[in-house]
(Lines give C-alpha, C1' and ligand atoms only; values in the text may rest on other atoms or scores of the structure.)
Protein backbone atom coordinates (compact mmCIF):
# COMPACT_ATOMS: atom_id res chain seq x y z
CA UNK A 1 0.00 0.00 0.00
CA UNK A 2 1.45 3.37 -1.02
CA UNK A 3 2.07 5.74 1.86
CA UNK A 4 0.94 9.28 1.14
CA UNK A 5 1.19 12.73 2.67
CA UNK A 6 -2.50 12.56 3.60
CA UNK A 7 -1.67 10.19 6.47
CA UNK A 8 -0.27 13.16 8.42
CA UNK A 9 -3.70 14.81 8.56
CA UNK A 10 -4.75 18.22 7.33
CA UNK A 11 -4.42 21.80 8.47
CA UNK A 12 -6.50 24.81 7.49
CA UNK A 13 -4.75 28.17 7.65
CA UNK A 14 -6.61 30.64 9.88
CA UNK A 15 -9.32 32.79 8.31
CA UNK A 16 -8.64 31.27 4.89
CA UNK A 17 -9.98 28.57 2.61
CA UNK A 18 -6.47 27.11 2.27
CA UNK A 19 -6.24 23.56 3.57
CA UNK A 20 -3.15 21.37 3.13
CA UNK A 21 -1.78 18.01 4.15
CA UNK A 22 0.57 18.53 7.09
CA UNK A 23 3.34 16.71 5.22
CA UNK A 24 4.51 19.07 2.49
CA UNK A 25 7.67 19.59 0.47
CA UNK A 26 10.46 22.19 0.56
CA UNK A 27 12.02 22.96 -2.83
CA UNK A 28 15.32 24.47 -1.65
CA UNK A 29 17.39 21.32 -2.29
CA UNK A 30 16.31 21.20 -5.92
CA UNK A 31 18.87 23.92 -6.62
CA UNK A 32 22.60 23.26 -6.59
CA UNK A 33 24.94 22.87 -3.61
CA UNK A 34 23.98 25.25 -0.78
CA UNK A 35 20.86 26.18 -2.79
CA UNK A 36 23.05 27.93 -5.37
CA UNK A 37 23.20 27.26 -9.09
CA UNK A 38 21.35 24.67 -11.17
CA UNK A 39 20.63 21.11 -10.04
CA UNK A 40 23.02 18.33 -10.98
CA UNK A 41 20.10 16.43 -12.51
CA UNK A 42 17.27 18.70 -13.73
CA UNK A 43 15.19 15.78 -14.98
CA UNK A 44 15.30 14.14 -11.55
CA UNK A 45 14.41 17.47 -9.93
CA UNK A 46 11.30 17.78 -12.07
CA UNK A 47 10.45 14.13 -11.41
CA UNK A 48 10.68 14.75 -7.65
CA UNK A 49 8.14 17.55 -7.92
CA UNK A 50 5.72 15.44 -9.94
CA UNK A 51 6.07 12.47 -7.58
CA UNK A 52 5.54 14.72 -4.56
CA UNK A 53 2.12 15.67 -5.91
CA UNK A 54 1.37 12.06 -6.82
CA UNK A 55 2.09 11.14 -3.18
CA UNK A 56 -0.39 13.68 -1.86
CA UNK A 57 1.77 16.75 -1.28
CA UNK A 58 -0.31 19.89 -1.82
CA UNK A 59 1.95 22.43 -0.05
CA UNK A 60 5.28 23.39 -1.65
CA UNK A 61 7.63 25.90 -0.07
CA UNK A 62 9.93 27.78 -2.46
CA UNK A 63 11.68 31.10 -3.05
CA UNK A 64 13.26 33.05 -5.87
CA UNK A 65 16.49 33.17 -3.87
CA UNK A 66 16.95 29.40 -4.14
CA UNK A 67 19.33 29.15 -7.06
CA UNK A 68 18.60 32.04 -7.45
CA UNK A 69 15.49 31.60 -9.60
CA UNK A 70 16.12 27.87 -10.07
CA UNK A 71 13.43 26.23 -7.94
CA UNK A 72 10.61 28.47 -9.19
CA UNK A 73 11.58 27.73 -12.78
CA UNK A 74 11.60 23.98 -12.07
CA UNK A 75 8.22 24.14 -10.34
CA UNK A 76 6.66 25.86 -13.32
CA UNK A 77 8.29 23.51 -15.81
CA UNK A 78 7.18 20.41 -13.91
CA UNK A 79 3.77 21.34 -12.56
CA UNK A 80 2.18 24.16 -14.58
CA UNK A 81 -0.77 24.38 -15.04
CA UNK A 82 -1.16 23.82 -11.32
CA UNK A 83 -3.85 21.69 -9.73
CA UNK A 84 -6.51 23.72 -7.95
CA UNK A 85 -5.53 22.42 -4.49
CA UNK A 86 -1.79 23.15 -4.73
CA UNK A 87 -0.61 25.82 -2.28
CA UNK A 88 2.66 27.46 -3.34
CA UNK A 89 4.38 29.44 -0.58
CA UNK A 90 7.35 31.72 -1.20
CA UNK A 91 9.73 33.72 0.95
CA UNK A 92 11.15 37.22 0.37
CA UNK A 93 13.61 39.52 2.10
CA UNK A 94 16.95 38.30 0.75
CA UNK A 95 18.94 37.82 -2.44
CA UNK A 96 22.09 35.94 -3.51
CA UNK A 97 25.33 37.54 -4.62
CA UNK A 98 27.45 36.06 -7.43
CA UNK A 99 29.33 33.85 -4.93
CA UNK A 100 26.20 32.42 -3.36
CA UNK A 101 26.14 34.68 -0.32
CA UNK A 102 22.82 35.49 1.35
CA UNK A 103 22.16 39.24 1.40
CA UNK A 104 19.20 40.45 3.47
CA UNK A 105 17.12 43.28 2.01
CA UNK A 106 13.74 44.35 3.31
CA UNK A 107 13.47 47.72 1.57
CA UNK A 108 10.06 48.52 0.16
CA UNK A 109 11.17 48.51 -3.48
CA UNK A 110 13.00 45.21 -3.11
CA UNK A 111 10.12 43.44 -1.37
CA UNK A 112 7.68 44.55 -4.06
CA UNK A 113 10.03 43.52 -6.86
CA UNK A 114 10.55 40.15 -5.16
CA UNK A 115 6.82 39.41 -5.10
CA UNK A 116 6.46 40.50 -8.72
CA UNK A 117 9.37 38.25 -9.73
CA UNK A 118 7.94 35.25 -7.88
CA UNK A 119 4.58 35.75 -9.55
CA UNK A 120 6.17 36.02 -12.99
CA UNK A 121 8.45 33.01 -12.65
CA UNK A 122 5.76 30.80 -11.15
CA UNK A 123 3.14 31.97 -13.64
CA UNK A 124 0.68 33.20 -11.00
CA UNK A 125 -1.53 36.26 -10.60
CA UNK A 126 -1.45 36.08 -6.80
CA UNK A 127 0.75 34.32 -4.25
CA UNK A 128 -1.24 32.23 -1.80
CA UNK A 129 1.23 32.90 1.05
CA UNK A 130 4.38 35.01 1.19
CA UNK A 131 6.74 34.73 4.16
CA UNK A 132 8.69 37.82 5.21
CA UNK A 133 12.19 36.63 6.06
CA UNK A 134 13.81 38.48 8.99
CA UNK A 135 17.43 38.28 10.08
CA UNK A 136 17.15 38.16 13.86
CA UNK A 137 15.46 39.69 16.90
CA UNK A 138 17.20 43.06 16.48
CA UNK A 139 15.59 43.68 13.09
CA UNK A 140 12.69 46.11 12.78
CA UNK A 141 9.73 44.20 11.41
CA UNK A 142 7.20 47.03 11.41
CA UNK A 143 8.34 48.82 8.25
CA UNK A 144 8.56 45.75 5.99
CA UNK A 145 5.28 44.44 7.39
CA UNK A 146 3.59 47.66 6.30
CA UNK A 147 4.81 46.92 2.77
CA UNK A 148 3.52 43.36 3.03
CA UNK A 149 0.12 44.62 4.15
CA UNK A 150 -0.01 47.07 1.26
CA UNK A 151 0.74 44.30 -1.25
CA UNK A 152 -1.95 42.18 0.36
CA UNK A 153 -4.45 45.02 0.06
CA UNK A 154 -3.51 45.34 -3.62
CA UNK A 155 -4.14 41.63 -4.21
CA UNK A 156 -0.55 40.57 -4.98
CA UNK A 157 -0.47 38.47 -1.80
CA UNK A 158 -3.44 36.54 -0.43
CA UNK A 159 -1.93 35.76 2.98
CA UNK A 160 1.17 36.69 4.96
CA UNK A 161 3.63 34.62 6.98
CA UNK A 162 6.84 35.52 8.80
CA UNK A 163 10.16 33.71 9.11
CA UNK A 164 13.05 33.82 11.59
CA UNK A 165 11.16 35.88 14.16
CA UNK A 166 10.89 35.97 17.93
CA UNK A 167 7.74 36.48 19.97
CA UNK A 168 8.13 40.28 20.10
CA UNK A 169 8.51 40.59 16.32
CA UNK A 170 5.57 38.26 15.80
CA UNK A 171 3.38 40.45 18.03
CA UNK A 172 4.31 43.55 16.02
CA UNK A 173 3.60 41.74 12.75
CA UNK A 174 0.19 40.56 13.96
CA UNK A 175 -0.75 44.12 14.88
CA UNK A 176 -0.21 45.15 11.25
CA UNK A 177 -1.74 42.22 9.36
CA UNK A 178 -3.14 38.74 10.01
CA UNK A 179 -0.35 36.15 10.11
CA UNK A 180 -1.20 32.64 8.91
CA UNK A 181 2.15 30.91 9.49
CA UNK A 182 5.54 31.23 11.17
CA UNK A 183 8.63 29.58 9.69
CA UNK A 184 11.46 29.25 12.24
CA UNK A 185 14.34 26.92 13.12
CA UNK A 186 12.93 24.09 15.22
CA UNK A 187 13.41 20.36 15.56
CA UNK A 188 13.75 17.56 18.10
CA UNK A 189 16.75 19.13 19.84
CA UNK A 190 16.41 22.82 18.92
CA UNK A 191 13.45 23.68 21.11
CA UNK A 192 13.78 27.42 21.80
CA UNK A 193 10.38 28.00 20.16
CA UNK A 194 8.44 25.56 22.34
CA UNK A 195 6.33 28.33 23.89
CA UNK A 196 5.71 29.92 20.49
CA UNK A 197 4.58 26.62 18.97
CA UNK A 198 2.03 26.19 21.76
CA UNK A 199 0.82 29.81 21.59
CA UNK A 200 0.35 29.61 17.83
CA UNK A 201 -1.48 26.30 18.16
CA UNK A 202 -3.93 27.94 20.56
CA UNK A 203 -4.58 30.62 17.92
CA UNK A 204 -4.81 28.14 15.04
CA UNK A 205 -1.70 29.54 13.29
CA UNK A 206 0.66 27.20 11.43
CA UNK A 207 4.23 26.66 12.58
CA UNK A 208 6.56 25.46 9.80
CA UNK A 209 9.98 24.36 11.08
CA UNK A 210 13.04 24.69 8.88
CA UNK A 211 16.10 22.47 9.42
CA UNK A 212 13.76 19.77 10.81
CA UNK A 213 16.65 17.29 10.64
CA UNK A 214 19.66 19.58 11.03
CA UNK A 215 22.15 20.59 13.71
CA UNK A 216 22.17 17.48 15.89
CA UNK A 217 25.34 16.61 17.84
CA UNK A 218 26.74 13.09 17.36
CA UNK A 219 25.42 12.12 20.81
CA UNK A 220 21.93 13.36 19.96
CA UNK A 221 22.04 11.57 16.62
CA UNK A 222 23.03 8.34 18.38
CA UNK A 223 20.05 8.67 20.72
CA UNK A 224 17.71 9.24 17.80
CA UNK A 225 19.17 6.26 15.96
CA UNK A 226 18.51 4.01 18.95
CA UNK A 227 14.80 4.81 18.81
CA UNK A 228 14.77 4.48 15.02
CA UNK A 229 16.47 1.06 15.17
CA UNK A 230 13.95 -0.09 17.77
CA UNK A 231 11.13 0.87 15.41
CA UNK A 232 12.82 -0.41 12.26
CA UNK A 233 12.67 3.09 10.78
CA UNK A 234 15.19 5.67 9.61
CA UNK A 235 16.32 8.38 11.99
CA UNK A 236 14.98 10.99 9.56
CA UNK A 237 11.50 9.45 9.57
CA UNK A 238 11.41 9.32 13.36
CA UNK A 239 12.53 12.94 13.70
CA UNK A 240 9.84 14.07 11.24
CA UNK A 241 7.18 12.01 12.99
CA UNK A 242 8.16 13.54 16.35
CA UNK A 243 7.46 16.98 14.85
CA UNK A 244 4.07 15.89 13.53
CA UNK A 245 3.11 14.56 16.96
CA UNK A 246 4.58 17.56 18.78
CA UNK A 247 1.66 19.84 17.87
CA UNK A 248 -1.25 19.74 15.38
CA UNK A 249 -0.30 23.12 13.91
CA UNK A 250 3.16 21.97 12.78
CA UNK A 251 3.48 21.60 9.00
CA UNK A 252 6.51 19.84 7.55
CA UNK A 253 8.39 20.84 4.41
CA UNK A 254 11.37 18.44 4.27
CA UNK A 255 13.35 18.84 1.08
CA UNK A 256 15.23 16.47 -1.17
CA UNK A 257 16.42 16.24 -4.76
CA UNK A 258 15.87 12.46 -5.06
CA UNK A 259 12.66 10.49 -5.40
CA UNK A 260 13.84 7.67 -3.14
CA UNK A 261 14.52 10.12 -0.33
CA UNK A 262 11.19 11.82 -0.99
CA UNK A 263 9.35 8.53 -0.49
CA UNK A 264 11.13 8.02 2.83
CA UNK A 265 10.10 11.46 4.02
CA UNK A 266 6.49 10.94 2.97
CA UNK A 267 6.43 7.58 4.74
CA UNK A 268 6.96 9.43 8.04
CA UNK A 269 3.39 10.71 7.71
CA UNK A 270 2.15 7.17 8.41
CA UNK A 271 4.42 6.46 11.39
CA UNK A 272 3.19 6.78 14.99
CA UNK A 273 5.33 7.02 18.12
CA UNK A 274 4.06 5.58 21.39
CA UNK A 275 4.51 7.26 24.76
CA UNK A 276 7.65 5.30 25.54
CA UNK A 277 9.40 6.32 22.34
CA UNK A 278 8.23 9.92 22.75
CA UNK A 279 9.74 9.95 26.24
CA UNK A 280 13.04 8.64 24.89
CA UNK A 281 13.11 11.31 22.21
CA UNK A 282 12.20 14.12 24.58
CA UNK A 283 14.98 12.98 26.89
CA UNK A 284 17.45 13.60 24.05
CA UNK A 285 16.32 17.23 23.92
CA UNK A 286 16.42 17.56 27.70
CA UNK A 287 20.09 16.54 27.69
CA UNK A 288 20.94 19.03 24.90
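The values are calculated or read from the model by the stated rules, or taken from the named source; none is laboratory data. Computed from a predicted model, the values in this text were never measured in an experiment. Positions of Cβ are generated from backbone atoms using ideal geometry, with glycine treated the same way; all protein chains shown enter the neighbour counts.
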- One residue from 31, 52, 94 being surrounded by 24 or more Cβ atoms within 10 Å (Cβ to Cβ), over 15 Å from the mean Cα position of the chain (by Cα) and modelled with pLDDT of 95 or more: 31
- Message: So for region 128-146 (the condition being in contact (Cβ under 8 Å) with a residue 24 or more places away in the chain, closer than 29 Å to residue 10 by Cβ and surrounded by fewer than 22 Cβ atoms within 10 Å (Cβ to Cβ)), does at least one residue qualify?
- Response: yes
- Does residue 220 fit the bill of being farther than 11 Å from residue 188 by Cβ, assigned to a helix (DSSP H, G or I) and in contact with a helix residue (DSSP H, G or I) (Cβ under 8 Å, 6 or more places away or on another chain)? no
- If residue 212 satisfies every condition in (1) surrounded by fewer than 22 Cβ atoms within 10 Å (Cβ to Cβ); (2) assigned to a loop (DSSP other than H, G, I, E, B) but one, which is the exception? (1)
- Output yes when any residue across region 105-122 is free of Cβ contacts under 8 Å to residues at least 60 places away in the same chain, under 25 Å from residue 32 (Cα atoms), assigned to a loop (DSSP other than H, G, I, E, B) and out of contact with any strand residue (DSSP E or B) (no Cβ under 8 Å at 6 or more places or on another chain), and no when none is. no
- residue 230 passes all but one of (1) buried (at least 16 other Cβ atoms within 10 Å of the Cβ); (2) in contact (Cβ under 8 Å) with a residue 24 or more places away in the chain; (3) in a helix (DSSP H, G or I); which number fails? (1)
- Message: Any residue that is part of a helix (DSSP H, G or I), more than 21 Å from residue 253 (Cβ to Cβ), touching a helix residue (DSSP H, G or I) at 6+ places or on another chain (Cβ under 8 Å) and modelled with pLDDT of 95 or more - is there at least one of those in region 163-172?
- Response: yes
- Query: From the list 268, 201, 192, which residue is at pLDDT 95 or above, touching a strand residue (DSSP E or B) at 6+ places or on another chain (Cβ under 9 Å) and not in a helix (DSSP H, G or I)?
  - Reply: 192
- Total residues in region 244-286, condition touching a helix residue (DSSP H, G or I) at 6+ places or on another chain (Cβ under 9 Å) and free of Cβ contacts under 8 Å to residues at least 60 places away in the same chain: 12
